[in-house]
2 protein chains.
Amino acid sequence: MDQRVSEHAEVLVDWSAQIEAGDDVVVQVDEGAHDLGVAVAAALGERGANLLATYGSDEMTRAYLHGHGDDFDADPAYEKTLYERADSVLILKGRRNTAEGSDVPGERRQAYRRARQEIREARLDTDWVSTQHPTRAMAQQAGMAYDAYREFVYDATLRDWTTLAGEMAQLKELLDAGETVRIVGEGTDLTMSITDRVAVNSAASVAYDSHNLPSGEVFTAPTATEGEVTFDVPMTVDGTRVRDVHLVFEDGEVVDYSAAQGEATIGEVLDTDAGARRLGELGIGMNRGVDRITDNILFDEKMGGTVHLALGRAYDACVPDGAGNDSAVHVDLITDLRESGRLEIDGETVLEAGQFRWEE
Amino acid sequence: MDQRVSEHAEVLVDWSAQIEAGDDVVVQVDEGAHDLGVAVAAALGERGANLLATYGSDEMTRAYLHGHGDDFDADPAYEKTLYERADSVLILKGRRNTAEGSDVPGERRQAYRRARQEIREARLDTDWVSTQHPTRAMAQQAGMAYDAYREFVYDATLRDWTTLAGEMAQLKELLDAGETVRIVGEGTDLTMSITDRVAVNSAASVAYDSHNLPSGEVFTAPTATEGEVTFDVPMTVDGTRVRDVHLVFEDGEVVDYSAAQGEATIGEVLDTDAGARRLGELGIGMNRGVDRITDNILFDEKMGGTVHLALGRAYDACVPDGAGNDSAVHVDLITDLRESGRLEIDGETVLEAGQFRWEE
């Protein structure tokens, strides 16, 4: 087995999920994630943790949803209790075909999702971590050769996380102390308030309240957004390609929008509820192992030198007074500041043309 | 997908497990059983049942056991509760390498098994059904080409179960009314009592208290065994090949044994405890779809015209007064009456040279 698969498992189990002897661990193994599943099982055995493997099969889910009607039992107790009693859930993503769910009616998928909300919440209440095993399907989605994609995934995942967490702590400190953020770039001049908000140092570990491996971003919850922003990184939103989304904010709300591609999808997102027109997140990517867009938000939003903003729900961790933006959606959009543009905190430039102040 | 895979799933879900809308179903998908998993998911969706898929991976189990020490937590609650709350467990066997566990120390495997006894019992308390998806590894173990092996598996599995259940009911009636069974063949002349015992019509359905698909046997729990028996069907017992096992019974207990191959293994089985020297089961195979030995007990013991006897534990269902033989083991051995030999109940021949009385 590729030595990097074992290293990935070790980082996941030790740094990210902080597994200890006696922990009750659920490992979700996607169809294409078998090899990582074996490496994770070895690591869990060595730590003396307990292991129950579930099978994350897109083909089974599609077949099940095709067969089923639109009425689903709400949160079947046998599955809910499993997650309520688990200490950790490790999600080993590894799809074999990213289009597998493409012919399942959206309404049925949403009905299934709605019926499983408490199960989802029980999972989110554990020390869960989601990670990506490189598959050919994900390489294809990224427009990359399989071998090159594996290289990319491990470069992004097998970081010196302790050092990166230290770097990110500097940015968190600036954001926690700051009052105003301004982002300037081509088609972008946006100002927002971060007064009384707390930034999260997302260092790919539950110890940092960070549940993605890889991670490598610092994020907070802005308010009172004013100005315009252009998201030049192509994204997939609700299964639709969007490109060059342009938003205009007044008094914290989107008052105008356009897009070179996928404009209708952005319109639908904005119309979801009142909170969908406000920002829920400002995130700053700091993972230098992510050096290209691969059409996978787990990686894209962590890219060092990019900034992402999310329409919709704010994370509780950023809002000590509990008055964060509420919405049914949380849609990330990314703007690339690696070539040009800058981010200022209280008038001081922190990121310019892809370089953080402390990198100079 | 092969149409037979869908038919297999339908028989499993409807006839065997009797799944209904709202049932909470756990589906264990082995590494090589993915296609059957997809078909079962479709069938469960159509029935309106709930689905949780677990992953039965020999490679993960081996890696976990290699990493782990010999001390296991007893019956982790998260897994035990899952089975306690489930209505049905469908076990889709499909190994990709039957030797995968060959380098795991036996003591560690046993320690793991012992630590999971309550989990196992919780599973056995559900409407569980175990079935076999044909894999190349299982074809290899059977010494058959993959295509021919698939043919074999579906011939054995896609039976007219209603008709077979009716035929088996005739044999059950004879056994329930009978007092003595005698088996005569080459190297075999064995007599046993079945007075006050109840036979099980194992018709591959939980409705018949039968948990294997395929099934097709009628079994009961004999006592007071006298005489000798030769098991001419080669078997694998505890991972060791045994051949031509010969047992001599006096007063219900084995007093002498020999084997052309694997004699030491038979000796170890007999030395397990006092109950291991007595018979726990007399089973009569009636599945005409099983027409050859494939070194897989799920099929071998169901072969029409064969008789199997098990050393060790008796099934409770056969013993209304609760005084069945007790033992930590239950080891099946098979004698082939298809070519010659006969089985009598109270002096009347019921099976001779492979033909049941009612088949003439």
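Each reported figure results from applying straightforward, stated rules to the coordinates on display, with no laboratory input. For clarity, every value in this text was computed on a predicted model and none was experimentally measured. Every residue, glycine among them, receives a Cβ derived from its backbone with ideal geometry; neighbour counts consider all protein chains shown.
With a cut-off of 8 Å between alpha carbons and a minimum separation of six or more residues, what is the relative contact order of chain A in percent?
On the way: 818 pairs, mean separation 47.8, N = 360.
Rounded, it is 13 percent for chain A.
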Quick check: pseudo-label points 7 Å beyond the Cα along Cα→Cβ at A:ASP238 and B:LEU158, how many nm apart are they?
4.3
So if we plug the beta-carbon distance of A:ASP14 and B:ASP321 into 1/(1 + (r/R0)^6) with R0 = 56 Å, what FRET efficiency do we get, rounded to 0.05?
0.50
Just want the answer: with Cβ charges of +1 for Lys and Arg and -1 for Asp and Glu, which residue in B:LEU337, B:VAL245, B:GLY227 is farthest toward the dipole's positive end in the range B:161-359?
B:LEU337
By DSSP, what percent of the beta bridges with both residues in chain B are antiparallel, rounded to the nearest 5?
75
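Quick check for me: using +1 on Lys/Arg Cβ and -1 on Asp/Glu Cβ, what's the dipole size of the protein assembly as shown about its Cα centre, in debye to the nearest 20? Numbers along the way, then the final one.
On the way: 64 positive and 140 negative charges, 198 e Å.
That gives a dipole near 960 debye.
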How much net charge surrounds B:THR180 when only the other residues with a Cβ under 11 Å from the Cβ of B:THR180 are counted, with Lys and Arg +1 and Asp and Glu -1?
-4
Excluding residues on the same chain fewer than 8 positions from A:LYS80, give the lysines whose Cα lies under 20 Å from its Cα.
B:LYS80
Would you work out the charge dipole size for the range A:177-283 about its Cα centre, treating the Cβ of every Lys and Arg as +1 and the Cβ of every Asp and Glu as -1, and quote it to the nearest 20 debye?
380
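Using just the Cα positions, wrap the range B:1-155 in a convex hull and report its mean projected area in square nanometres, one decimal place. Provide the component values of the computation, followed by the final result.
Details: hull surface 37.5 nm².
In nm², the orientation-averaged hull projection of the range B:1-155 is 9.4.
Just want to confirm a number: the relative contact order over the range A:3-157, from Cα pairs under 8 angstrom separated by 6+ residues, in percent.
After rounding, I find 28 percent.
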Considering only DSSP beta bridges where both residues belong to the protein assembly as shown, give the percentage that are antiparallel (nearest 5).
75
Position A:GLY69, label points 7 Å along Cα→Cβ, spacing to each other copy in nm (shortest first, one decimal):
5.5
Label points for A:GLU107 built 7 Å along Cα→Cβ; distances to same position in the other copies, nm, shortest first, come to 6.3
For the range A:209-214, in residue order, the Karplus 3J(HN,Hα) values (coefficients 6.51, -1.76, 1.60; θ = phi - 60°; whole Hz; Gly and Pro = x) are 6, 10, 10, 10, 10, x
Stretch A:ASP70-A:GLU121 to full length: gain in nm at 0.36 nm per residue minus the Cα-Cα span?
16.2 nm
Percentage relative contact order, the range A:233-326, counting C-alpha pairs under 8 Å, at least six apart
22
With just the Cα atoms defining each centre, how far is the range A:18-71 from the range B:76-111? Give it in Å.
14
Kindly express, to the nearest 10 degrees and within the range 0 to 90, the angle between helix B:58-67's C-alpha long axis and the longest C-alpha principal axis of chain B.
80
Set of lysines with alpha-carbon distance to B:LYS302 below 22 Å, sequence-local pairs under 8 removed
B:LYS93, B:LYS172
Can you pull the mean other chain C-beta count within 10 Å for peptide A:23-32?
3
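Tally Lys and Arg at +1 and Asp and Glu at -1 over the other residues with C-beta under 9 Å from the C-beta of A:ALA43: what net charge comes out? Before the final figure, lay out the partial values.
Values: positive: A:ARG47; negative: A:GLU10, A:ASP14, A:GLU46.
Result for the local shell: -2.
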Final fewest-first order of A:LEU270, A:LEU247, A:LEU124 on the 10 Å Cβ neighbour count is A:LEU124, A:LEU270, A:LEU247
So what's chain A giving for Cα Rg divided by 2.2 N^0.38 Å, two decimals?
0.98
FRET efficiency estimate (nearest 0.05) - Cβ-Cβ, A:MET1 to B:SER193, R0 41 angstrom:
0.15
Computed FRET value (nearest 0.05) for A:ARG292 with B:ALA145, which takes r as the C-beta separation and R₀ as 56 Å:
0.75
What spacing in nm lies between the two simple spin-label points modelled at B:GLU250 and B:GLN110, each 7 Å away from Cα in the Cβ direction?
3.0
Amide H contacts under 5 Å for A:HIS330, placed H, 5+ residues apart:
A:ARG313
Label geometry 7 Å along the beta-carbon vector: B:GLU151 inter-copy distances in nm:
4.9
Considering the Cα trace of the protein assembly as shown, what is its radius of gyration and what is Dmax, both in angstroms?
31.1, 103
